[in-house]
Structures are given as C-alpha cells and as structure tokens.
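The values are calculated or read from the model by the stated rules, or taken from the named source; none is laboratory data. These figures come from a predicted structure and were not determined experimentally. Positions of Cβ are generated from backbone atoms using ideal geometry, with glycine treated the same way; all protein chains shown enter the neighbour counts.
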Amino acid sequence: MVEVTIIGAGVAGLCVARTLLDRGASVTLVDRQADLGPAACSWWAGGMLAPFCEGESAVEPVIRLGQESAMWWAAKTRAVQQRGSLVVSPARDKAELIRFARRTSQYREVGADEISDLEPDLGGRFSKGLFFESEAHLSPRDALAQLRASLVADGAEFQQADADPDSYAQHGLTVDCRGFQARAQLSDLRGVKGEMLVLSCPEVTLHRPIRLLHPRIPLYIVPRGDGVFMLGATMIEGRAGKHITARALLELLSAAYALNPAFGEAEVLEIGVDSRPAFPDNLPRIRRSGNLIRANGLFRHGFLLAPALARMVAELIFDNTTPEVMDETAT
C-alpha cells in the first residue's frame, strides 16, 4: 500500500487526501490547526463552481479543469446546489455586461422578466443579465466538514503539528498543500489579498450566486441559506493584513445595497481577510523533488480547481503520469 503524508488540511489537502484514499493509499494529514476554522484560506471562500463565469478573467485551463469540480464535489459531499449563476449590472454599467459576455460562454441572455422569475427579490432592478445555467455553488464550510468527516470514517489519520514537509519527505512520500504558508520554500509564490463579509438579511431571498459587475473590482454575493450571504471579494496584490480596508468595506456594502436596498439593514456577522496563494500566471503548480511533491497556487479558484489538482497528484503518484501543471522550476 502506498503511504502518503499530506501537509496542510485546507481545500487542496483534503481533496488530495480524498483522491489518494479512493485510489487505495494510506493517508495521514498534518496541519497546524486541530480542526477547520478561520485560519484556513478556504474557510473564507465563496464556493462558486463557475468555470464559465471565470472565463471573464481566467485563462483557458481554469475553464476546462474547473468543469470537473461540480460533479466531484457532488459525489463527495452533500453541499452542492446546481442552480446556475446570474450576472447583472446597473444600467450605468451596461458596457461591463457587454464586455463580460464577450469574454465568456455557455450563458443565455435574460431580460427583466426572466431575472424576476429567477430571483424575485431582484425584480425591477435590472433590465438585462447573463444566466450561466450549468454552473453550481456550495457552502465551503459544510463541504470541508463533510469531506473531513468522510476521510476520518475511511481511515485517514489527522495530526496537529507545525510540520516541515522536507523533514517528513526524508521518511516517505509527502505532499505539501500548505498554500501561502509554503511561501518560504516557493520563491515565486505570492499572496493576493481577499476581503469578504458574511451578512444576515432574512428580508432577502436569493437562490444562486449573483455577480454584480463593477468597473473596478469583481463583486459577488452567494446565498448560504437562512438569510445568510457571503459577499466578496476584493483582490489586492500583497500579503493580507489583519483587517479589511475602508474602501473594500464601502464597495462591498454598496454592492449589496445596489442588489436590494434591504441589505442596508443587514447585520454583519463576519469580516474575513485572507491571502490566496498564486504563481505569476495565477495557475496552480505541481513540483516534485524526490519524495516531496508540492501542490500549490490555487489563487481564487480553490474549490473550483482543487479536484483537478488532486486528480493530477494521484496520477503522478500511481500512474507516473506527468501532470498538465507540472513545473520543474527549482524550489
């Protein structure tokens, strides 16, 4: 039996563990935290499984590889909702909707009546939009918890330690999935700051992720159920500080208000700030040196690309197949 130690139990580490376990490996996960929580970048994810919407700014592999995600998550958890994505813009920003449509695919144009049918609480506020019917979303925290529980049930071992992957690799096959925490060993890894809010607004009901196009920063709102919404997210180059910026807070709350003025009375339940790990081209990388495999660089596509990244790690280990994102750059 192949024995593998995985360092890092965020979305990348858990997906790699699940995929390796499914192929018959014995898996041990080592993480600084004893359990899931806000220290993990994936704790603050939007959870949008939206490869075609991502085509607006992402390169082709993100769109193609991301199409694996919804089916994978639906097979491994009960957290997926396949209700599509809706993209709208205020009338003053209609040029943004035209630009978004030109850069994406697999959508249909919708008018005011269909927008009202899809999302009654947006009725009358937007005259045009794009509906990506095949896309999905999930609750990241539920998905992570369910994935972790299934791993424990199937024999994976979890250990709490501030682990050095190089030390573990001296004793056996090791996969480093620490995200931004691996920056000391990956000189070309950078942090992209994300800021987001969790709001409670029982007066509003939304059924799917809504992207509100904005000339400066991409904004989205994702329903979590029971009147709770995740609103995000900024992308600022550089390592995250402890607190949200005033500008980001204003932009995010203004976007929510533009969708429905009832959000003006919403309660702010949580404010999240994180550093997403990214390489220069914003694509993930798999690098191998002997017993040590580093899988990193999911950028803002953690839940979208982690299943494909995990598949490629498993194919490298079990089939000796060179991953599409294999990078022999020295670490």
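Points to keep in mind about this one:
- Where a residue in segment 12-27 is surrounded by fewer than 18 Cβ atoms within 10 Å (Cβ to Cβ) and its partner, wherever it lies, is at pLDDT below 95, with Cβ under 7 Å and at least six apart: G24/M1; S26/M1
- The lone criterion from (1) under 14 Å from L36 (Cα atoms); (2) over 18 Å from the mean Cα position of the chain (by Cα); (3) surrounded by 15 or more Cβ atoms within 10 Å (Cβ to Cβ); (4) of a type in the set (A, V, I, L, M, F, W, C) left unmet by A143 is number (2).
- Of everything listed in (1) of a type in the set (F, W, Y); (2) under 24 Å from the mean Cα position of the chain (by Cα); (3) modelled with pLDDT under 95, the single unmet condition for F303 is (3).
- Some residue of segment 215-222 being farther than 25 Å from G129 by Cβ and either in contact with a Cys (Cβ under 8 Å, 6 or more places away or on another chain) or not in a loop (DSSP other than H, G, I, E, B) (or both): no
- Of the residues making up segment 36-88, those that are without any contact (Cβ under 8 Å) to a residue 24 or more places away in the chain and in a loop (DSSP other than H, G, I, E, B) are G37, A39, Q67.
- Pair list, Cβ under 7 Å, 6 or more apart: segment 90-112 residue in a loop (DSSP other than H, G, I, E, B), other residue exposed (fewer than 11 other Cβ atoms within 10 Å of the Cβ): none
- All positions within segment 1-31 that are over 30 Å from L86 (Cα atoms), modelled with pLDDT of 95 or more and in a loop (DSSP other than H, G, I, E, B): V2, G8, A9, R23, G24, A25
- Residues located in segment 254-271, provided they are more than 13 Å from H214 (Cα to Cα), surrounded by fewer than 20 Cβ atoms within 10 Å (Cβ to Cβ) and of a type outside the set (V, I, T): Y257, P261, A262, G264, E265, E267, L269, E270
- Filter result for D162 (in the same structural domain as L14 (by TED's automatic domain parsing), in a loop (DSSP other than H, G, I, E, B) and surrounded by fewer than 21 Cβ atoms within 10 Å (Cβ to Cβ)): yes
- Scan of segment 233-283 for residues that are in contact (Cβ under 8 Å) with a residue 60 or more places away in the chain, part of a strand (DSSP E or B) and out of contact with any Asp or Glu (no Cβ under 8 Å at 6 or more places or on another chain), ordered by number: E267, V268, L269, E270, D274, S275, R276, P277, A278
- Checking each residue in segment 313-329 for being β-branched (V, I, T) and either in contact (Cβ under 8 Å) with a residue 24 or more places away in the chain or crowded, with 17+ Cβ neighbours inside 10 Å (or both) picks out V313, I317, V325, T329.
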